[in-house]
Every structure is written in C-alpha cells, then in structure tokens.
Amino acid sequence: MNRYTVTFQGIEGSFSHQAVNKVFHSKVTLLPEDTFEDAFYAISNGKAQYGVLPIDNSSTGPISEVYDLLYKYHLHIIGETYIQVEHHLLGLKDSSIDMIEEVYSHPQAIKQCKRFLKCYPKWRIIPYYDTAKSAKFIMEQNNPSLSAIGSMEAAKLYNLKILKRDIHDNSLNFTRFLVLSNNLNPIDNYDKISIILTPSNDSNALYNIMNILDRYNIRIIKLCTRPIVDYPFTYMFYMDLKTDMHIEKMQQVLEYIKNYCTNFRLLGIYYEDKTCQNKMKPLAK
C-alpha cells in the first residue's frame with residue numbers, strides 16, 4: 001500500500017506536525033517545508049498529495065498569508081482540524097528563568113504570549129521560523145541564556161526543560177488547520193462549504209449574494225476579506241458556510257451566487273470539526 005506524502009510548515013514537534021498526526025495518524029511520509037508558500041507549492045506541483053496548514057487562531061485571528069495563498073494557488077480544502085495550543089517557555093536543562101536574555105519563537109506564538117513576555121522587558125524577543133525550530137535552535141546553541149516558546153512535545157523531542165508552563169494569554173487557545181489537496185473531494189454528508197469570491201461592480205452585488213444565502217437558510221460562520229495584489233482596493237471575500245442542503249441543490253445555489261461575482265471559486269466541501277466548539281463557553285448576552 002502506497003503511503004501518502006503530507007507537507008506542512010515547520011519540523012517535527014511543531015503544532016502543524018501535531019495536526020498532521022491528528023488527521024493522518026502518522027501513517028504518512030512527512031514533507032516539512034520552511035514556509036507556508038513552500039508547502040502550497042509542494043501540493044500544487046504534486047510533490048505532496050496533501051498539506052496541513054494553519055488558517056486561524058482563536059487568540060490572534062486569521063493567518064493572512066495563508067488566506068492569500070488560498071487565492072494564489074488553486075488548491076482545495078478537503079477537511080479541517082483544531083489543535084489546542086499550549087505554549088511553554090523552554091530552556092536548557094541547566095538553565096533557569098533568571099538566566100534568560102533572548103526568547104525565540106514563531107511570530108504568532110510571540111503574539112499569543114505577549115502578556116507573559118511584558119513581565120520581562122529586558123528579554124530580547126526574536127521571531128524565528130516556528131516553535132519547534134526555535135526549540136531545536138536553542139538546543140543546538142547550548143547557551144543557557146537562550147529560550148524558546150514551544151510545545152511540550154518540542155521540549156521532549158529536543159531534550160529541553162520547561163522553565164514556565166502555560167504562558168499563552170488565552171486558556172482556550174486553538175488553531176484551526178486546513179487539509180489541502182489538488183483535487184476537490186465533495187462528500188454527500190458534508191456540513192461545511194468554503195468559497196472565495198469577488199463581488200461584481202454592481203452596487204447591489206454583495207447585498208444580492210447575502211440575500212441568496214439568507215433565502216436558502218445558509219449560515220455564514222466565517223467571513224473575511226483580503227486585498228488582491230496588483231488590483232488596488234479590490235478585495236476577495238473568503239466565506240465558510242454552514243448548511244445541511246443536498247449537494248446538488250447547494251451547487252445550484254452557488255451558480256446563483258456566481259451571477260453577482262467577477263471571480264468565484266469553490267474551495268471545499270467537507271465535514272466541520274467540532275473539537276473547538278465543544279470546549280467553548282457560550283457568549284454572555
């Protein structure tokens with residue numbers, strides 16, 4: 001039986017690696033890449049059959065670069081998963097928090113721990129490739145004044161000590177990951193659809209699109225906009241839609257929406273992962 005090749009940004013011990021294991025249960029050949037775009041390119045040119053990429057974080061919001069790459073590369077979403085992100089301050093076995101001078105980590109992890117980091121204004125905070133590479137780097141440097149923000153898995157993998165646990169600002173810190181493929185894989189019992197569109201120049205185009213969704217009781221659960229490069233002040237809309245409509249009827253509704261768009265693309269038809277929802281508290285009224 002052939003093993004699938006799955007790409008992700010980062011190295012073993014990263015949160016993206018954890019997401020790959022959650023989806024594919026380690027029964028794959030891993031293709032780590034340095035950047036998000038490298039991972040997108042690996043799927044696009046057939047070097048990898050699948051990719052697992054982060055798209056949103058519950059603390060810091062959308063990962064804009066990944067939204068832009070979804071527009072640039074014509075890949076498809078075939079699934080999603082959530083990982084609960086728990087950040088720890090990592091150091092060498094003979095280090096202590098009083099010895100730290102520099103902290104390395106991915107910019108997103110740094111943002112998610114800003115409250116803790118403000119307590120140590122003398123530390124130099126240095127953005128690095130990702131959390132696991134940061135852990136590996138300080139292990140290789142063998143300098144007790146260096147530390148990294150990373151996961152417990154990274155600490156174990158790179159033989160580091162946890163100097164301070166749970167330094168993330170948000171106790172319910174989740175990252176949503178997309179499972180990407182070159183091929184659209186519509187399923188009969190889907191409950192989530194993702195699309196990208198640009199409304200036409202008609203002043204009522206966006207209103208008409210929203211009206212169609214409302215008429216067919218299709219709920220928008222995610223909506224964000226991104227500027228389109230080389231087209232000043234022109235925007236693409238990314239939408240996640242929730243519906244139990246039969247797929248043939250849903251495709252008909254999407255055809256109606258296309259009439260009001262200069263650009264439209266169906267990104268994916270897949271199951272919604274409810275991991276995060278099941279742990280959330282209801283919003284106060």
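The values are calculated or read from the model by the stated rules, or taken from the named source; none is laboratory data. Small disclaimer: the values here were computed from a predicted structure and weren't measured. All Cβ positions, glycine included, derive from the backbone under ideal geometry; neighbour counts span all protein chains shown. Accessible surface is based on the protein model in full, side chains and every heavy atom, while ligands, DNA and RNA are left aside. Shrake-Rupley method; radii C 1.70, N 1.55, O 1.52, S 1.80 Å.
Scanning the stretch 268-276 finds no residues that are of a type in the set (S, T, N, Q) and at pLDDT 90 or above. In summary, helices (runs of 4 or more DSSP H) completely within the stretch 37-122 and bearing 2 or more residues that are under 20 Å from Ile193 (Cα atoms) occur at 64-72.
Selection of the stretch 47-58 for residues being among the hydroxyl-bearing types (Ser, Thr, Tyr) and crowded, with 19+ Cβ neighbours inside 10 Å yields only Tyr50. Of all residue pairs spaced 6 or more apart or on separate chains, those with beta-carbon atoms under 9 Å, a first member in the stretch 253-266 that is part of a strand (DSSP E or B) and a second member that is open to solvent by 50 Å² or more (accessible area, probe 1.4 Å) and aliphatic (A, V, I, L, M) are Leu266/Leu184. Identify, please: which residue in the stretch 1-46 is aromatic (Phe, Trp, Tyr) and free of Cβ contacts under 8 Å to residues at least 60 places away in the same chain and is, among those, surrounded by the most Cβ atoms within 10 Å (Cβ to Cβ)? The selected residue is Phe8. Any residue that is part of a helix (DSSP H, G or I), in contact with a Lys or Arg (Cβ under 9 Å, 6 or more places away or on another chain), crowded, with 20+ Cβ neighbours inside 10 Å and of a type outside the set (Asp, Glu) - is there at least one of those in the stretch 138-159? Yes, the stretch 138-159 contains a residue that is part of a helix (DSSP H, G or I), in contact with a Lys or Arg (Cβ under 9 Å, 6 or more places away or on another chain), crowded, with 20+ Cβ neighbours inside 10 Å and of a type outside the set (Asp, Glu). Looking at the stretch 187-245, which of the residues that are closer than 20 Å to Glu65 by Cβ and basic (Lys, Arg) is farthest from the chain's Cα centre (by Cα)? Among those residues, the one meeting the criterion is Arg226.
Return yes when Asp230 is under 17 Å from Asp214 (Cα atoms), open to solvent by 50 Å² or more (accessible area, probe 1.4 Å) and not in a helix (DSSP H, G or I) and no when it is not. Here the answer is no, as Asp230 does not meet what is asked.
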